[in-house]
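Scroll down for the structure; my scribbles are underneath it.
The values are calculated or read from the model by the stated rules, or taken from the named source; none is laboratory data. Every value quoted in this text rests on a predicted model; they were computed, and no experiment measured them. Backbone-built Cβ (ideal geometry, glycine too); neighbour counts: all protein chains shown.
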Amino acid sequence: MIRGARAWGADAPGDLLVREGRIAATGAALQVPEAAEVIDAAGCLLLPGLVDAHAHLDKTLWGEPWRPHQAGPTLLDKILHERQVLQQLQLSARQQSARLLRHLVARGTTHIRTHVDIAPDIGLTGLHGVLATREAHRGRVDLQIVAFPQMGVMTRPGTLDLLEQAVREGAEVLGGLDPMGIDRDPRGQLDGLFDIAARLGCELDVHLHDRGELGAVTIEMIAERTRALGLQGRVAISHAFCLGMLEPARLDELIALLVRDDIAIMTHAPSGLTPFPPVRRLHDAGVRLFSGSDGVRDTWGPLNNGDMLERAYLIAYRNGFRHDADLDLALSMCTHGGAQRLGAAAYGLQPGCTADLVLLRAETAGEAVVMHPVREWVIKRGRVVARGGKCLWPEA
Ligand SMILES: [Zn+2]
């Protein structure tokens, strides 16, 4: 029984009863069943569990000594530098993913979509590590895996077969990476990925950093294949920087395609002057949006910290949001938007929903986004998994 918390969007505090992992009832002054555990949450805001729908758990350096940033400025610099560092360090994907997962849960995340590196030189090592972590932490967090070709697809022969194998071994989603910028063969990469997705019935989530028209044409090619194969609602594009740098008429054309084929867009509101999709504009047009931390404590950059409430703040900050409705939109990308993408059944705060909940000291969602205070209680399927910002299970 959670007493006296104000649920997101509610006018007044109330009670919420959890039974067998689900929300059994909500209302004012509910009767406490005998033997119920009572959480006194007066002064707290109640949110559904946060959703980190774009993570890279397998290659974080979390738990290792702080490593000053050393990669060069281009995308390819970062890819090659990362591979070099990871080869040197020889960390285990199982251990690293478990370390970061624990931190994410302590920050209120109850659902994660993680992109796992797949490449000919490392094969499925990363996947096997993350699968082991998923098994070991079942019930503490929901983990969905994307088979991600970080080194490219067509430029690394054998990658498509490995991606297909990864899906057969438990990855739910197929990833991609800049079909033009990295592979310089957009037809080859996209036809290969869509062929696997159509045959195995998995979703797609393609990293697209390519800017301007290069990115725009790639989105057209993704939409074309989504429609041809009847994969509407099963495709996402991560980053899509290009959407933040097009002329209004060109942006309208692409938005029409995204809506027509129900293609979702992930943005984590990148740092610096990196362009990114205009969140309010896309949402109002009907494009599904979600967010994630992206790489945390890795060789790509030191700024991401795995806090999805702070991520909502960064989305709000970079979009220049001020109104409560806009702060709500930023938070919804880090909750409902991601849950929808992950296919999380019964997600939310209504009776009947799975009891994946976060309690923190704030009056409204707007205040929670701006202050991103300590997560006092994190509850997964009705069980408290973190308290006062700390995970309740020991580090393995
Ligand atoms: Zn990423």
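Per this entry, Pro302 is counted among residues that are within 16 Å of the ligand (Cβ to nearest atom) and either touching a His at 6+ places or on another chain (Cβ under 7 Å) or charged (D, E, K, R) (or both).
Among the listed residues Arg184, Arg156, Arg140, which satisfies the condition of being on the phi > 0 side of the Ramachandran plot, of a type in the set (D, E, K, R) and assigned to a loop (DSSP other than H, G, I, E, B)? Talk me through it step by step, then tell me what you get.
On the way: Arg156 fails: on the phi > 0 side of the Ramachandran plot; Arg140 fails: on the phi > 0 side of the Ramachandran plot.
The unique qualifying residue is Arg184.
Might you let me know whether the range 153-174 holds any residue that is within 16 Å of the ligand (Cβ to nearest atom), under 25 Å from Gly292 (Cα atoms) and either at pLDDT below 95 or not hydrophobic (A, V, I, L, M, F, W, C) (or both)? Within the range 153-174, not a single residue is within 16 Å of the ligand (Cβ to nearest atom), under 25 Å from Gly292 (Cα atoms) and either at pLDDT below 95 or not hydrophobic (A, V, I, L, M, F, W, C) (or both).
No other residue among Gly158, Gly123, Gly170, Gly129 is touching a residue at least 60 places away in the same chain (Cβ under 8 Å) and either within 18 Å of Arg83 (Cα to Cα) or surrounded by fewer than 20 Cβ atoms within 10 Å (Cβ to Cβ) (or both) apart from Gly129. Here the range 340-396 is the region considered, the condition is being among the charged types (D, E, K, R) and part of a loop (DSSP other than H, G, I, E, B), and the residue that is modelled with the lowest pLDDT is Glu395.
Take Glu247 and tell me if it is under 25 Å from Thr114 (Cβ atoms) and either within 15 Å of the ligand (Cβ to nearest atom) or not β-branched (Val, Ile, Thr) (or both).
no
A Cβ distance below 6 Å, combined with a sequence gap of six or more or placement on separate chains, defines the contacts here; from the range 219-235, residues that are buried (at least 18 other Cβ atoms within 10 Å of the Cβ) reach residues that are among the charged types (D, E, K, R) in the pairs Ala223/Asp261; Thr226/Asp261; Arg234/Glu203. With the requirement that a residue be surrounded by 18 or more Cβ atoms within 10 Å (Cβ to Cβ) and either outside any loop (DSSP other than H, G, I, E, B) or without any contact (Cβ under 8 Å) to a residue 40 or more places away in the chain (or both), what does the range 273-282 give you? Of everything in the range 273-282, those that are surrounded by 18 or more Cβ atoms within 10 Å (Cβ to Cβ) and either outside any loop (DSSP other than H, G, I, E, B) or without any contact (Cβ under 8 Å) to a residue 40 or more places away in the chain (or both) turn out to be Pro277, Val279, Leu282. Residues that are over 26 Å from Met180 (Cα atoms), within 16 Å of the ligand (Cβ to nearest atom) and of a type in the set (A, V, I, L, M) within the range 65-98 comprise just one, Ala93.
The set of residues in the range 181-210 that are surrounded by fewer than 18 Cβ atoms within 10 Å (Cβ to Cβ) and more than 21 Å from Arg341 (Cβ to Cβ) comprises Arg184, Asp185, Arg187, Gly188, Asp191, Asp195, Arg199.
Does Gly286 qualify as being at positive phi, surrounded by fewer than 23 Cβ atoms within 10 Å (Cβ to Cβ), in contact (Cβ under 8 Å) with a residue 24 or more places away in the chain and within 16 Å of the ligand (Cβ to nearest atom)? Spell out how you get there, then give the answer.
Details: at positive phi: yes; surrounded by fewer than 23 Cβ atoms within 10 Å (Cβ to Cβ): yes; in contact (Cβ under 8 Å) with a residue 24 or more places away in the chain: yes; within 16 Å of the ligand (Cβ to nearest atom): no.
For Gly286, the condition - at positive phi, surrounded by fewer than 23 Cβ atoms within 10 Å (Cβ to Cβ), in contact (Cβ under 8 Å) with a residue 24 or more places away in the chain and within 16 Å of the ligand (Cβ to nearest atom) - is not met.
Within the range 289-299, restricting attention to residues that are more than 10 Å from the ligand (Cβ to nearest atom), assigned to a loop (DSSP other than H, G, I, E, B) and at negative phi, the residue that is farthest from the chain's Cα centre (by Cα) is Thr299. Considered as a group, the residues in the range 34-64 that are assigned to a loop (DSSP other than H, G, I, E, B), more than 25 Å from the chain's Cα centre (by Cα) and surrounded by fewer than 18 Cβ atoms within 10 Å (Cβ to Cβ) include one that is nearest to the ligand (Cβ to nearest atom), and that residue is Gly43. In summary, Ile145 fulfils each of the numbered conditions (1) within 16 Å of the ligand (Cβ to nearest atom); (2) without any contact (Cβ under 8 Å) to a residue 40 or more places away in the chain; (3) touching a Cys at 6+ places or on another chain (Cβ under 9 Å) with the single exception of condition (3). Looking at the range 110-143, which of its residues are polar (S, T, N, Q), within 19 Å of the chain's Cα centre (by Cα) and within 13 Å of Ser97 (Cβ to Cβ)? Across the range 110-143, the qualifying residues are Thr114, Thr133. If we scan the range 217-229, do we find a residue that is assigned to a loop (DSSP other than H, G, I, E, B), within 16 Å of the ligand (Cβ to nearest atom) and of a type outside the set (Gly, Ala, Ser)? No, the range 217-229 contains no residue that is assigned to a loop (DSSP other than H, G, I, E, B), within 16 Å of the ligand (Cβ to nearest atom) and of a type outside the set (Gly, Ala, Ser).
Determine whether Gly352 is farther than 15 Å from Val51 by Cβ, more than 16 Å from the ligand (Cβ to nearest atom), small (Gly, Ala, Ser) and more than 20 Å from the chain's Cα centre (by Cα).
On the way: farther than 15 Å from Val51 by Cβ: yes; more than 16 Å from the ligand (Cβ to nearest atom): yes; small (Gly, Ala, Ser): yes; more than 20 Å from the chain's Cα centre (by Cα): yes.
Criteria met by Gly352.
Within the range 1-42, track down each residue that is acidic (Asp, Glu) and either under 29 Å from Asp324 (Cα atoms) or without any contact (Cβ under 8 Å) to a residue 12 or more places away in the chain (or both). Answer for the range 1-42, where residues must be acidic (Asp, Glu) and either under 29 Å from Asp324 (Cα atoms) or without any contact (Cβ under 8 Å) to a residue 12 or more places away in the chain (or both): Asp11, Asp15, Glu34, Asp40.
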